[in-house]
Amino acid sequence: MSSYDFDLFVIGGGSGGTRCARISATHGARVGVAEERFWGGTCVNVGCVPKKLMVQAAEYGAWVEDARAFGWDATKAGFDWKGFVAAKDTEIDRLKAIYASMLQRAGAKTFEAHVRFLDPHTLDVGGKRMTAEHIVIATGSTPRRAAIPGAELAGITDDLFYLPERPARLAIIGGGYSAVEFAGIFAGLGTEVHLIYRQPLPLRGFDGDMRQAVAEALEAQGVIIHHGVLPTQITAEGEGRLVHLSDVTEIAVDYVVMTTGRVPNVDGLGLQASGVKLNASGAIAVDDGSHTNVPHIYAIGDVTDRLNLTPVAIAEGHALADTLFGHNPREASLHNVPTAVFSSPPMATVGLTEEEAALLGPMDIYVSRFSLLRHTLTGRQGRKTIMKLVVDQRSQKVLGAHMLGEDAAEIMQGIGIAVQMGATKQDFDRTIGIHPTSAEEFVTMRTRTRVAGIAEAAE
């Protein structure tokens, strides 16, 4: 029996931390896990789960209008914001309770407390001194505010889940996942939305064709886009807000939210006492096995600022638990990780963008644009589906797949398996499509759209 109080102590009860703690406990380890804010972390409480519910709430309004084209006598009335928020909160409370109970059923000891290091093996857990042989830091990230005058007059992403009223006019500062998703959500609910970002297109780092398509879809939905500009100041105007932009434009709104990225949540952990080092960006530095520079201390999830996705944190936590206590040393793969942006319509991707792949050599690019069958009746504008394959010209391996359109995330999960396994374009071609579906287009694209990469000039 170890002389420590715990074989493993996990700091943070989000998706990655709870998975690591629960699997470790089922392997027989004595596990403690602490969460100071809410079980389930960002994803369950102020992230992907409630945001997806909000996306679905916005979609229902459009579906009511679409139903008329199919013969239904449907009438779109007002949206009950307070009723929806109450229902959403009830579901989130249910999920939080599940996270805590799963840990307890697995045999882990849970603490609702702040944790800080006293030394590399000793923790202050809500005022109580505890020791652990192994320690995992899984404290996630926290929203970042832009440093401009009047920044305190704006909300942060988390605040959007708890607004007492739906704002009639909303300014969203930022061009990443959350900015694009909330722009679509509130526009779908009837809010006048202004989306402000400094790049020419939103979603920096994604495929260029997809970025352009998302911008067009947002504008078709009624989102007012201000691109290539920066907010310089926010001032109060009665009960509302005035956002001043670098092009001297002024936007009058009821509420402003900053979705300007997130930073690793390391403040207050007492890392200096632990000896754990941060990297240049302020994240906890780890290797592929989630080891920090201190041999028995590990970090997983957003606090490492590697690939900030909930399933990645879960995979890292599970792999670490198996390595430490399951006699199955392994690492989570961060290669070809599928992901989705729940814009309206959603965008999903796996593998390399065209821009990334073109640096490796000649690439065959296949692009297809079409309207869904149902929208031939609804006539809804701005709902074009776009699919794209990036294929290595020499090996014919599919290095990247991208889609903007309804059910993109559901479709891309299966495509992700193929890309992870190294499927070639010929593998896609000889797969029979399911008709009539959108997904079949991925296996029926035969005509190359263009060549990218070093062979581009010769074509």
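Points worth noting:
- Criterion violated by residue 191 - all others in (1) in contact with a helix residue (DSSP H, G or I) (Cβ under 8 Å, 6 or more places away or on another chain); (2) under 17 Å from residue 57 (Cβ atoms) satisfied: (1)
- Subset of the stretch 278-307 that is aliphatic (A, V, I, L, M), outside any helix (DSSP H, G or I) and in contact (Cβ under 8 Å) with a residue 40 or more places away in the chain - its residue that is surrounded by the fewest Cβ atoms within 10 Å (Cβ to Cβ): 294
Listed here are the residues, each with its yes/no results for (1) among the small types (Gly, Ala, Ser); (2) assigned by TED's automatic domain parsing to the domain that holds residue 271; (3) surrounded by fewer than 22 Cβ atoms within 10 Å (Cβ to Cβ).
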residue	(1), (2), (3)
160	no, no, no
182	no, no, no
204	no, no, yes
213	yes, no, no
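For (1) over 25 Å from the mean Cα position of the chain (by Cα); (2) part of a helix (DSSP H, G or I), each residue gets a yes or a no:
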| position | (1), (2) |
| --- | --- |
| 217 | no, yes |
| 229 | no, no |
| 232 | yes, no |
| 244 | yes, no |
| 252 | yes, no |
| 256 | no, no |
| 267 | no, no |
| 273 | yes, yes |
| 276 | yes, no |
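- Residue check for residue 350: in a strand (DSSP E or B) and in contact (Cβ under 8 Å) with a residue 12 or more places away in the chain: yes
- Checking 396, 413, 420 one by one, the residue that is in contact with a His (Cβ under 9 Å, 6 or more places away or on another chain) and not hydrophobic (A, V, I, L, M, F, W, C) is 420 and no other.
- Residues of the stretch 177-207 classified as over 22 Å from residue 163 (Cβ atoms) and either of a type outside the set (S, T, N, Q) or touching a Leu at 6+ places or on another chain (Cβ under 6 Å) (or both), total: 9
- Helices (runs of 4 or more DSSP H) wholly inside the stretch 1-95 containing at least 1 residues that are of a type in the set (A, V, I, L, M), under 28 Å from residue 168 (Cβ atoms) and modelled with pLDDT under 95: 48-69
- In summary, residue 337 fulfils each of the numbered conditions (1) part of a loop (DSSP other than H, G, I, E, B); (2) in contact with a strand residue (DSSP E or B) (Cβ under 6 Å, 6 or more places away or on another chain); (3) of a type in the set (Val, Ile, Thr) with the single exception of condition (2).
- Filter pass, residue 131 being hydroxyl-bearing (Ser, Thr, Tyr), buried (at least 16 other Cβ atoms within 10 Å of the Cβ), farther than 15 Å from residue 10 by Cβ and modelled with pLDDT of 95 or more: no
- Within the stretch 353-459, helices (runs of 4 or more DSSP H) holding 1 or more residues that are within 27 Å of the chain's Cα centre (by Cα) and either closer than 23 Å to residue 181 by Cα or at pLDDT 95 or above (or both): 354-357, 408-420
- Cβ-Cβ under 6 Å pairs, at least 6 apart or on other chains, the stretch 308-337 side surrounded by fewer than 19 Cβ atoms within 10 Å (Cβ to Cβ), far side part of a loop (DSSP other than H, G, I, E, B) and acidic (Asp, Glu): 331/288
- The residues on offer are 92, 23, and the sole one that is under 30 Å from residue 408 (Cα atoms), buried (at least 18 other Cβ atoms within 10 Å of the Cβ) and among the β-branched types (Val, Ile, Thr) is 92.
The values are calculated or read from the model by the stated rules, or taken from the named source; none is laboratory data. Since this is a predicted model, take the numbers as computed values, not measurements. In this analysis, Cβ positions are derived from the backbone assuming ideal geometry, glycine residues included, and neighbour counts consider all displayed protein chains.
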